[in-house]
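J.: I am attaching a structure below and will ask some questions about it afterwards.
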Amino acid sequence: MQKSSIKYWQTESSSTSKSLSTMIKQNQVVLLDTLEQEISKFKECHSMLDINALFAEAKHYHAKLVNIRKEMLMLHEKTSKLKKRALKLQQKRQKEELEREQQREKEFEREKQ
């Protein structure tokens, strides 16, 4: 009777062990799946933070570009005004030089007479 009792408990123990092993494996699979899902959620959140940082940086550089464009337009206007002024001064000098030359010619003509 002892042998049969031992045999019974051995088979019972063996089946229980197999059952526990199967349950552990199933629970491990579920745990791994859950862990993978949590990791993917974390990665999504982290990538969203990266995207938000990129948008903030893009907004910052856009503002810089707008300021640079305004400054370039202002400089363009100033250079245009300076070019006009330089042209007027050049024309004035040429006119004065021409008048001086004409005055010299008149004086030369008077001296000849």
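J.: From the list 75, 49, exactly one residue is open to solvent by 100 Å² or more (accessible area, probe 1.4 Å) and either without any contact (Cβ under 8 Å) to a residue 40 or more places away in the chain or part of a helix (DSSP H, G or I) (or both). Which is it?
T.: The unique qualifying residue is 49.
J.: In the range 29-80, how many are among the acidic types (Asp, Glu), modelled with pLDDT of 95 or more and over 25 Å from the mean Cα position of the chain (by Cα)?
T.: 1
The values are calculated or read from the model by the stated rules, or taken from the named source; none is laboratory data. Treat the numbers as computed from the prediction; the structure is a model and nothing was measured. Methodologically, a virtual Cβ is constructed for each residue, glycine included, from the backbone with ideal geometry; neighbour enumeration extends over all protein chains shown. Only protein heavy atoms, including side chains, enter the accessible area calculation; ligands, DNA and RNA are left aside. Shrake-Rupley method; radii C 1.70, N 1.55, O 1.52, S 1.80 Å.
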